[in-house]
């Protein structure tokens, strides 16, 4: 049987919006977004604007009857979209004409409405008088509406001034029923809030949350500082989804002036991510579910956040986003001033046992000085054996390295392995264990499992595999050292009178943390150069996660004094 050799058509996403002569917002941003996410983008233009990054200099409204004529051209059984986003609608007459045409369709695409009313520079793009037409003629047909806080106020006919997360949630809960139908995604970009406030609110109210902002990581904060970047802001941005239940999407707060077209981009991304899911589930035909999944919302927000964080600095005002960041052959974005460690952060975020590793009961007891000498001696003796496997893995990696920077980084780590080994010998001597006795002690099963795993990765994998396998230990111990130093400052750990003081000070010291910094830099530079594929990134994530799990087991082995 001869296969049917036809290309697979991408999902079709329509944008009904204004044209931005500057290219950063409107239909230009929407089509770039749809294309970047793997969809086919088409457009119905409602207005022409003369604008740049400094503002809107003029608006020419397209006659409503011609807006409808553009729609008819697409829906005349030729280029029927599976999803559409509505942006700048220009006038009450246009809204009424759009509503009438869309209501007449026997099968409507999934509709996302971005109620564009005011530009970033403060230019009014939709008269307040049009809000009534929006509520009566269009919103009953829409599946998802995405106002920001000021736009929510216009839709409600009020001027809300929320100052807390509780205020934003209350605003969303008040607005949602007034919309009479569509799901609501209330964007919180106008009111960043502290991470702690979000955590406390979630715990108190038992509300579902999707975290896109990674938790603070000490080694990454240290790395930012050493390369001259300001301390990462503790604030986050919370978008509130009401679609029967309530879900918070918590993302990083990026301090940038490159925000032109953010709302356009997000709404187009939401329509595209819905269309992609509907295409896989229903063949992109009528009858697709009318509810967008939380994963599609997460993907759309993540795409937009990365477009903001990696935006080029264009123009003298509010610059455009980097819509093509995921269209490039790069699974992990390149480092930027907003995220200098994207790959390291990605590895840690996908290592489910990271916190259990770096804040293990063994570490906590060590920091308090309450860890038994027997447990510590067992750990130190086994670590002495493990470090021999670790050194062999470095040697295997150095043989595969094809540049001096990687070779120097591995040699740097190997030097610290030698220093650690000598520190362990000295610690064991203080417990009455001689070097000869240390070497005569048998390996525990946990030591053998971890050592042989790292060595197997080093022998069978490539240089990126080796770096990820060995750096999970280096970065993790750096995180432990810096975390314990913070615990001492907070009164939760002690140095005075602590028998493990030297261990704590060595792993938080400039010498070891300097090696951690250089290791992170080498890893990030290597990933930028190699641009690993999605399957390769997944393998690296698995290596890091498994190494993290084995590190946690190593602490537990010491605590249990098990063989």
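Please treat every number below as a calculation from the coordinates, not as lab data. Fair warning: this is a prediction, and the values are worked out from it, not measured in the lab. Quick reminder, even Gly has a Cβ in these numbers, built from the backbone with ideal geometry, and neighbours come from all protein chains shown.
First measure r as the distance between the Cβ atoms of residue 164 and residue 221, then evaluate 1/(1 + (r/R0)^6) with R0 = 25 Å and state the FRET efficiency to the nearest 0.05. Efficiency, rounded to the nearest 0.05: 0.40. Semi-axes of the equivalent ellipsoid of the stretch 463-548 are 31, 13, 10 Å, computed as sqrt(5λ) over the eigenvalues of the C-alpha gyration tensor in descending order.
Helix 373-400 and the longest principal axis of the Cα set of the chain meet at an angle near 70°.
Over the alpha-carbon set of the chain, divide Rg by the Kirkwood Rh and report the Rg/Rh ratio to two decimals. Intermediate values should be presented prior to the final figure.
Working: Rg = 27.9 Å, Rh = 26.3 Å.
Here the Rg-to-Rh quotient is 1.06.
Label-point separation (nm) for residue 525 and residue 449, each offset 7 Å from Cα along Cα-to-Cβ? A separation of 3.6 nm, rounded to one decimal place. Against the chain, whose longest principal axis comes from its Cα atoms, helix 534-560 is set at around 40 degrees.
Taking N as the number of residues in the stretch 522-563, what is its alpha-carbon radius of gyration divided by 2.2 N^0.38 Å? Numbers along the way, then the final one.
On the way: Rg = 15.1 Å, N = 42, 2.2 N^0.38 = 9.1 Å.
Compared with the compact-globule rule of thumb, the stretch 522-563 sits at 1.65.
Distance between the modelled labels on residue 100 and residue 374, one decimal in nanometres: 8.8 nm (7 Å Cα→Cβ projection).
Once the Cα atoms of helix 26-36 and of the chain are each reduced to a long axis, what angle between those two axes, in degrees from 0 to 90 to the nearest 10, is obtained? So the inclination is approximately 50 degrees.
Remark: relative contact order (the chain) = 14 percent; criterion is Cα-Cα distance under 8 angstrom and separation of 6 or more residues.
From least to most packed, judged by other beta carbons within 10 angstrom and beginning with the fewest, 143, 239 follow the order 143, 239. Rounded to the nearest whole angstrom, the semi-axes of the ellipsoid equivalent to the stretch 85-210, taken from the Cα gyration tensor as √(5λ), stand at 29, 17, 11, largest first.
Taking all Cα pairs closer than 8 Å and separated by 6 or more residues, the relative contact order of the stretch 342-560 comes to 40 percent. If you bin all the Cα-Cα distances of the stretch 342-560 at 5 Å, starting from zero, the percentages per bin are 1, 7, 15, 19, 21, 17, 10, 6, 3, 1, 0. What would the Debye equation give as log₁₀ I(q)/I(0) for the stretch 194-233 at q = 0.16, 0.33 Å⁻¹, counting only Cα atoms as equal point scatterers? Reported log10 I(q)/I(0), two decimals: -0.54, -1.12.
Distance between the C-alpha centres of the stretch 57-113 and the stretch 516-563: 50 Å, rounded to the whole angstrom.
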